[in-house]
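One structure is given below, encoded as structure tokens.
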Amino acid sequence: MPAHAQNIHVEHNGTFATVVLDQPQKHNAITLKMWLQIPAIINALSNDDALRCVILRGAGERAFSSGCDIGEFSEVRSGSEQGIIYGKAMQDALLALYACRHPLIAQVHGLCLGAGVELLATCDIRICGKSSTFGIPAKNLGLVLSHAELQPILELVGPDTLKEMLLEGRIFSAEEARFKKLVTRVVADDAVKAETEASVRRIISGSPLAARWHKKFVRRLTKQEPLSDEEYREGFECYDTQDYATGRAAFFKRELPEFEGK
């Protein structure tokens with residue numbers, strides 16, 4: 001059975017889980033309470049060694065997320081002091097998603113705007129439908145994204161594209177989002193769920209240790225700093241794992257490996 005929080009629920013399905021932003025009446029706009037719940041939810045999933053993949057999606061098929069719930073801004077984001085508190089909640093949520101050990105897949109239906117793009121950018125694989133639309137129209141509110149909010153998007157699209165998105169605030173298509181590298185795959189609208197599930201199957205068929213290490217190493221290499229000796233040696237620890245022995249044995253037997261993540 002799904003584990004419920006306020007406007008967020010988690011569906012467990014064996015070796016993968018789905019985190020659902022559940023406020024469809026507002027196109028899955030994210031409230032402060034939702035931001036505050038995300039770190040505990042994601043950290044619990046990240047620490048679950050039985051999991052091999054996590055899906056992030058919005059409820060229904062009209063929106064991944066339309067961004068922050070502007071309707072509550074007069075109460076929770078009305079000045080710089082409140083802005084700092086709200087920003088810390090967003091930062092903690094985005095960091096938890098970004099740091100999740102398991103591969104994270106965004107299943108995008110419909111709108112993906114503002115903070116929805118911020119959530120999207122923390123995911124490793126981002127699949128959307130052809131009619132999905134994207135953008136960061138924060139300029140229309142006189143709102144500025146903080147450094148922590150910008151970082152994951154910057155890593156995806158680069159500074160020039162990010163400035164274009166912020167300065168123009170334009171809403172653009174799924175094909176343009178793929179060109180900008182904001183999404184990794186565009187499929188027919190009615191195939192988004194199936195394509196996401198196919199991606200999950202491909203991921204969980206491999207070694208979970210290899211997936212976690214590859215995700216960690218790619219993220220590390222985006223930092224322009226030399227590797228420490230410890231980090232360098234970690235790149236070869238897979239050879240001492242049971243998964244490596246299992247994979248080699250299955251290859252020679254021409255069988256599908258059954259990895260245990262050990």
Task: Condition broken by Ala89, with the remaining ones in (1) under 18 Å from Gln37 (Cα atoms); (2) assigned to a loop (DSSP other than H, G, I, E, B); (3) touching a Leu at 6+ places or on another chain (Cβ under 6 Å); (4) of a type outside the set (Phe, Trp, Tyr) satisfied - done: (2)
TODO: Answer with yes or no whether Arg101 is part of a strand (DSSP E or B) and either over 30 Å from Gly206 (Cβ atoms) or in the same structural domain as Val186 (by TED's automatic domain parsing) (or both).
DONE: no
Task: Lone qualifier among Leu162, Leu145, Leu150 - being out of contact with any Asp or Glu (no Cβ under 9 Å at 6 or more places or on another chain) and not small (Gly, Ala, Ser) - done: Leu162
TODO: Among what's in region 217-262 and is of a type in the set (Phe, Trp, Tyr) and in a helix (DSSP H, G or I), pick the residue that is farthest from the chain's Cα centre (by Cα).
DONE: Phe252
TODO: Please state which one of Gly261, Gly158 is assigned by TED's automatic domain parsing to the domain that holds Cys53 and at positive phi.
DONE: Gly158
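The values are calculated or read from the model by the stated rules, or taken from the named source; none is laboratory data. Everything numeric here is computed off the predicted structure, so don't read it as measured data. Note: ideal-geometry Cβ built from the backbone for every residue, glycine included; neighbour counts use all protein chains shown.
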